[in-house]
Every structure is written in C-alpha cells, then in structure tokens.
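Below is one structure, written out as structure tokens; the observations come after it.
The values are calculated or read from the model by the stated rules, or taken from the named source; none is laboratory data. Just so it is clear, the structure is predicted and the values come from calculations on it, not from any experiment. Ideal geometry is used to build each Cβ from the backbone, glycine not excepted, and the neighbour counts take in all protein chains shown.
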Amino acid sequence: MPHWGVEYTDAVPATESADAHRMIAAGADLVLGSHSHWLGPIQRIGADHLAFYSLGDLVFDWTRDERTQESAVADLSFVGRRLVQVDLHPTLIIDGQPNLLEAAGGGSRVLDQVRKTSASLLGW
C-alpha cells in the first residue's frame, strides 16, 4: 500500500508503474496506492495482478475540487491468493462523509473516469 502519486492528478509516473511491477514480482498479490486525493487509474500487471494507483479519498473534509470528493470502494474477491473479481463502488463525500453512488446513476461518471484514465494501462 504505497503512499505515492502527484496530488490532484491521475497521471501515473513511470517510476510508480515500475515500482508496482517490482512489488508484484516480489510477491505482492495486489497494489493499493493512495495520496493523489483523486481516484486514479488501474493497471493490469501480468495475468492475475492489478495496481490501483489511487483509490482517492474516502473520508476527507477538504473540498478542493469535484474530483477530491469522488472516490470508489474496491470490493475484491480472491480464491486463495488469486484475485478473481473486482467491483468498484463509486462514492461521493458530502459533509466529510462517504456516500455510495448508484453505478448506473451518478456513479457512472466516476467509473467512466477510471475507465478513461486506465485505458492505456489496461490495454482497453
């Protein structure tokens, strides 16, 4: 769970991607990053591993911009050490508290942003 990233951006520096690959090669099952205050991209590493570069802020009382209020909870299912399913549940911070958004409603914009920023990393 690295504390990394450039604040208020979803860009992934090459050094962080390289570090995520090294973590997986060293035996990590998953990389869950944080620090940028924005929900960031997801990268596939190998056949069975993922790096979440930032899950954003779940609870935070600073309303710098709209993206600092949006996030997602990652619901991860494993069989043994193998990640077999990922569900992202979009959230919105209101008055410092997390609120789940409907994925088909207001949360679709949050999830679309993740898809967009992840496209080059996942090969979508």
Scanning segment 37-60 for residues that are touching a His at 6+ places or on another chain (Cβ under 8 Å) and either more than 19 Å from residue 116 (Cβ to Cβ) or not small (Gly, Ala, Ser) (or both), the one surrounded by the most Cβ atoms within 10 Å (Cβ to Cβ) turns out to be 57
Just one listed residue, out of 50, 88, 30, is in contact (Cβ under 8 Å) with a residue 40 or more places away in the chain, aliphatic (A, V, I, L, M) and closer than 20 Å to residue 12 by Cβ, and it is 30
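Give the residue that is nearest to residue 78 (Cα to Cα), with candidates limited to residues of segment 1-27 that are of a type in the set (Val, Ile, Thr) and touching a residue at least 24 places away in the same chain (Cβ under 8 Å).
Kept after step one, since they are of a type in the set (Val, Ile, Thr), are these residues of segment 1-27: 6, 9, 12, 15, 24.
Among the residues that remain, those that are also touching a residue at least 24 places away in the same chain (Cβ under 8 Å) are: 6, 9, 12, 24.
Values: 6: 30, 9: 30, 12: 26, 24: 16 Å.
Looking at residues that are of a type in the set (Val, Ile, Thr) and touching a residue at least 24 places away in the same chain (Cβ under 8 Å), I get 24.
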For segment 29-44, what are the residues that are closer than 24 Å to residue 7 by Cβ, in contact with a Lys or Arg (Cβ under 9 Å, 6 or more places away or on another chain) and either basic (Lys, Arg) or part of a loop (DSSP other than H, G, I, E, B) (or both)?
37, 38, 41
Name the residues in segment 45-72 that are of a type outside the set (Asp, Glu) and assigned to a strand (DSSP E or B), would you?
45, 49, 50, 51, 52, 55, 56, 71, 72
Working only within segment 27-36, note down all residues that are over 20 Å from residue 84 (Cα atoms) and surrounded by fewer than 22 Cβ atoms within 10 Å (Cβ to Cβ).
34, 35
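From the list 80, 107, pick out the single residue that is touching a Leu at 6+ places or on another chain (Cβ under 9 Å), free of Cβ contacts under 8 Å to residues at least 40 places away in the same chain and either within 21 Å of residue 29 (Cα to Cα) or surrounded by 10 or more Cβ atoms within 10 Å (Cβ to Cβ) (or both). Reasoning before the result, please.
On the way: 80 fails: touching a Leu at 6+ places or on another chain (Cβ under 9 Å).
Among 80, 107, only 107 is touching a Leu at 6+ places or on another chain (Cβ under 9 Å), free of Cβ contacts under 8 Å to residues at least 40 places away in the same chain and either within 21 Å of residue 29 (Cα to Cα) or surrounded by 10 or more Cβ atoms within 10 Å (Cβ to Cβ) (or both).
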Condition first: surrounded by 20 or more Cβ atoms within 10 Å (Cβ to Cβ), polar (S, T, N, Q) and either within 19 Å of residue 3 (Cα to Cα) or in contact with a Pro (Cβ under 8 Å, 6 or more places away or on another chain) (or both). Can you find one or more residues in segment 61-68 that meet it?
no
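Can you confirm whether segment 94-117 contains a residue that is touching a helix residue (DSSP H, G or I) at 6+ places or on another chain (Cβ under 7 Å), modelled with pLDDT of 90 or more and not in a loop (DSSP other than H, G, I, E, B)? Break it down into steps so the answer makes sense when it comes.
Quick first cut of segment 94-117, residues touching a helix residue (DSSP H, G or I) at 6+ places or on another chain (Cβ under 7 Å) only: 101, 103.
If we keep only those that are modelled with pLDDT of 90 or more as well, we get 101.
Now restrict to residues that are not in a loop (DSSP other than H, G, I, E, B): none.
No, every residue in segment 94-117 fails to be touching a helix residue (DSSP H, G or I) at 6+ places or on another chain (Cβ under 7 Å), modelled with pLDDT of 90 or more and not in a loop (DSSP other than H, G, I, E, B).
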Check segment 73-84 and report whether any residue there is in a helix (DSSP H, G or I), more than 12 Å from the chain's Cα centre (by Cα) and modelled with pLDDT of 90 or more.
no
